[in-house]
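Have a look at the structure below, then the notes.
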């Protein structure tokens, strides 16, 4: 009798949960990808282009995978819960962050990438506009140039009363640091907050916008830092062709009460200009990229920090037009996985960049597409002495050439939701990476990569 009652209670509980869930609209999307990379010369944090007696430049070959789930729970017409859960976040096979087991540190948190709740927020369609509240996506704006794979805790608001036809506005407040919740806090309201406003215009031919971000960093008693970001983007379409640009300027100031600490104001700029078009099965793209560099070491107080990539963390983890210079995990300008500029210990990020890029994509059939690209890049400021001690790539009067990059690739759809890709990238390395003024020992490097991606 007791067993029968237990079963009946369990069935009743399941029925209750099922009836509650049936009132919700629940959907899930996502992807799973497996990637294999071979780097011709590497030191474990991306490419190593230098050559020396103590640096054999061994190749690096590894596998990695990512599993991203995006559940959406619609509670009613006005309220939804959205999330992005990563059961493997670029986890490398055979390393701690690639194992399936849970490894905890002393604080009880996992020290691997097995489970990451990247986004978790509520969407509320209110009478005054749309709100996103919680751990919201952050870092994407305008074109994909400079976009980061990041998140923030805060509130986003798209107001109704300021929208008219193609116009829209957006405001947000996010918190990076809450020092009041920390033990032994000696700073009154010692927080790091960010406030942002945007105005956008979008119709059938023009997509444009401006933004302003004010960041207030007051986490120590010694200083009060203000970081400002101003940006503009515009993409104009005419037929199957387009022209676009994005310009971002970083400004701000540091009021430091500790005169022994070196502080510098921010004054850095990045820009992208691109043109392209589609001609039947052929798509063409030409682009110019600029990242401001810095030509001094800020030895004295009061100098401006002008190296955009150093302040921004590279060109953005989502910006990957080139397999090597902006590739994921390559250690050049993309901050994803290994971080930006691991290859030179900071020299490239502080020197900035000018780059010209030409790319072509050809759709052979519904299943097969081909890709080709060529780029030339050089430093904006070739005089640099910021390189870390681990890299012998720093001298005054260095050449400014990063080199020529060549890319070829192919993608084949095995199924409607299963795609295999293969890539080859070659960087004919320039003299910027020479270890001394007269020794031409910078090595050309190449990448072999292939991946299998399933979407649902």
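Just so you know, all these numbers are worked out from the coordinates, no wet-lab data involved. These numbers come from a predicted model, not from an experiment. Cβ atoms come from the backbone with ideal geometry, glycine included; neighbour counts cover every protein chain shown.
Observations
- If R0 equals 22 Å, the separation of the Cβ atoms of residue 140 and residue 265 corresponds to a calculated FRET efficiency of about 0.25.
- Potential extension, residue 122-residue 368 segment - 0.36 nm per residue separation minus Cα distance: 84.6 nm
- Sorted ascending by nearby beta carbons within 10 Å, beginning with the fewest, 433, 145 become 145, 433.
- Each residue, residue 399 and residue 230, gets one label point 7 Å from its Cα in the Cβ direction; the gap between the two is 3.8 nm.
- Each residue in 416, 295, 216 was given a count of other beta-carbon atoms within 10 angstrom of its own, and listing them fewest first yields 416, 216, 295.
- Spacing of the two label points (7 Å from each Cα toward its C-beta) at residue 450 and residue 205, in nm: 4.6 nm
- Among 124, 233, sorting on how many other beta-carbon atoms sit within 10 Å of each Cβ, with the fewest leading, yields 124, 233.
- Contour excess over end-to-end distance, with Cα ends at residue 408 and residue 25 and 0.36 nm allotted per residue: 133.6 nm
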